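The values are calculated or read from the model by the stated rules, or taken from the named source; none is laboratory data. Only a predicted model underlies this, so the values are computations on that prediction, with no experimental measurement involved. Ideal geometry is used to build each Cβ from the backbone, glycine not excepted, and the neighbour counts take in all protein chains shown.
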Amino acid sequence: MKVTHIPFQKTGFFSKMMHDYLEKSDNLKPFYNNFPDIQGFYNQIEEKSSSFSLQTRITLFNALKVQYQNSTISEKTAANLALLQQKNTFTISTGHQLNLFTGPLYFLYKIISTINLCEELSVKFPDKNFVPIYWMATEDHDFDEINYFNFKGKKVAWNRNDGGAVGRFSTAGLEDVFEVFSAHLGNSKNANFLKNLFSEAYLQHDNLAAATRFIANELFGKDGLVIVDGDDKELKKLLIPFIKDDLVNETSFTEVSKTISDLENDYKIQVNPRNINLFYLDENSRERIVFENDLYKINNTNLQFSKEEILKEVENYPEKFSPNVLLRPLYQEVILPNLCYIGGGGEIAYWLQLKGFFNKVEVPFPILLLRNSVQIVSSKQSKKMEKLSISNEEIFLNQHKLISKKVLENSEIEIQFQEKMLFLQKQFEDLKSVAKNTDVSFLNAVNAQERKQLKGLENLEKRLLKAEKKRQQDLVERIIKLQNDVLPNQSLEERQRNFSEYYLEYGEAFMETLKEYLNPLQYQFTILEF
């Protein structure tokens, strides 16, 4: 096993905001609380300790006990559940959609980052307990984003019509998906594990939330992972004051809008707030709540409430109110003794929009940690990279730039015209010094001729490079094939491939390797050669 680390910035797949965050840029310091280092965790523990009540811990424990009542759990998970009742226990959390069969590879990286961080903090703070949390996004309703996964370049999809929160979706119809997937796997030991995992999850559980809980528990139960389903009446009771505040005062809209005005000059805004950032959740629907003509209306329905009626509805049926992407982070932090949220670049970006809102409602803003990212490279691919003189950093270059770079390096003739252009510019500088002593029209003519000559050289350089690429066609094709294998669809493979491809080949050793080599506080991109 060979492990290499490169800066996230060198991959070209992370935003300016993430670069600045990792570099602790002054531009972003107003938008987060504590940075993810040991001192930051020390500060966060102090802050969360003074704000999280024993009663909330008891409510959380009792709700989770009910959620787990039909699950077989490991001793470590059972112990972690019990620890949540103690005031010296804190959580590290991540969240993810209920993608079919975990969806893209980074589902694993998120959870392993969370588990490994808990273990590292347990060493640094031996008098504290740290519990890894996976928050299932059971109330999402974007089914098209989660109804498939990719396996060896093929899309394995679950097609059905449904509405409402995805966690409540029936698993009926997944027998057909299982048959299609099974046909691709073969009959090896690892293939049979994957078949059993899929069939037990989706064919023996009634809804998508239960199926996803089963898979996450099977993969990470031994590490003590605790899985939380926010679609829970008892947990939402803790959110009632904040639901009412959003309905009546529109605090999230006001505060997040202020933050956006401060951020948007330098960064792309990830999520824009609505006046009310809540949905109304029914058995088969999840619709936005809008305020019009002094009435609270449920979008796409005939339901409407006066102010008094909707506040009474919140008191009696808090489970019917579902936070959107901007309120869900608050929900998590209200019900969990949480220190840190681990997410991808897009997630961290929208969390950074929320600190002012958290301050306003007086809830501690968590540490934000960019999850581990991993590129798997086979030994065969590594040898090809070596033969083509492609480094670990170069493999992430834009394909056109990578090809041009390698063709230039491999060429026996001079293709780049930088020296010729500098020489030409020097000649024109001499000419312009003469032109300055004549009239303006002559100087303008000299400048125009300079631009024309330089443009001509640029075009010749491009034509020569194009001709050289054609001459080195074999090299170009090998580079394209290799990079497409490593980066499917010119994207990080962790966003494209499913874990089953690697589990089929390497089995449990794949999971063990990830667990061993992912270091969440290293802040670097990981390349693993298998």
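Here are a few things to note about the model shown:
- Selection within the range 93-118: residues that are in a loop (DSSP other than H, G, I, E, B) and touching a helix residue (DSSP H, G or I) at 6+ places or on another chain (Cβ under 7 Å). The member of this set that is nearest to Val377 (Cα to Cα) is Leu105.
- In the range 119-169, residue surrounded by the most Cβ atoms within 10 Å (Cβ to Cβ) [restricted to those that are of a type in the set (Ser, Thr, Tyr) and not in a helix (DSSP H, G or I)]: Thr138
- Taking helices (runs of 4 or more DSSP H) as the structural unit, those lying wholly within the range 288-369 and holding at least 3 residues that are touching a Gly at 6+ places or on another chain (Cβ under 9 Å), in the same structural domain as Ile260 (by TED's automatic domain parsing) and not aromatic (Phe, Trp, Tyr) correspond to 328-335.
- Residue under evaluation Ser199, criteria (1) touching a residue at least 24 places away in the same chain (Cβ under 8 Å); (2) surrounded by 15 or more Cβ atoms within 10 Å (Cβ to Cβ); (3) part of a helix (DSSP H, G or I), criterion not met: (1)
- Residues that are in a strand (DSSP E or B) and surrounded by fewer than 19 Cβ atoms within 10 Å (Cβ to Cβ) occur at least once in the range 267-282.
- Tabulated pairs, the range 237-251, first touching a residue at least 12 places away in the same chain (Cβ under 8 Å) and over 13 Å from Lys312 (Cα atoms), second part of a helix (DSSP H, G or I) and among the small types (Gly, Ala, Ser), C-beta under 6 angstrom, 6+ apart or interchain: Asp246/Ser252
- Residue list for the range 501-527, filter: assigned to a strand (DSSP E or B) and among the hydrophobic types (A, V, I, L, M, F, W, C): Phe525, Ile527
- Taking the range 21-42 as the range and being over 17 Å from the mean Cα position of the chain (by Cα) and part of a helix (DSSP H, G or I) as the test, the residues that pass are Lys29, Pro30, Phe31, Ile38, Gln39, Gly40, Phe41, Tyr42.
- Only listed residue being outside any helix (DSSP H, G or I) and among the small types (Gly, Ala, Ser), chosen from Ser382, Ser391: Ser391
- Residues of the range 516-530 classified as more than 18 Å from the chain's Cα centre (by Cα) and of a type in the set (Ser, Thr, Tyr), total: 1
- Scanning the range 299-318 for residues that are surrounded by fewer than 18 Cβ atoms within 10 Å (Cβ to Cβ) and either closer than 30 Å to Gln44 by Cα or touching a Phe, Trp or Tyr at 6+ places or on another chain (Cβ under 9 Å) (or both) yields Asn299, Thr301, Leu303, Gln304, Ser306, Lys307, Glu309, Leu311, Lys312.
- Only one of the listed residues (Phe101, Phe90) is at positive phi and surrounded by 19 or more Cβ atoms within 10 Å (Cβ to Cβ). That residue is Phe101.
- Residue count for the range 352-382, restricted to those that are surrounded by fewer than 23 Cβ atoms within 10 Å (Cβ to Cβ), closer than 21 Å to Asn275 by Cβ and of a type in the set (A, V, I, L, M, F, W, C): 3
- Asp162 within 30 Å of Phe41 (Cβ to Cβ) and at pLDDT below 95: no
- Qualifying residues in the range 334-392 (those that are of a type in the set (Val, Ile, Thr) and within 19 Å of the chain's Cα centre (by Cα)) - the one nearest to Val271 (Cα to Cα): Ile348
- Scan the range 487-500 for residues that are of a type outside the set (Lys, Arg), part of a helix (DSSP H, G or I) and under 29 Å from Asn192 (Cβ atoms) and the total you get is 5.
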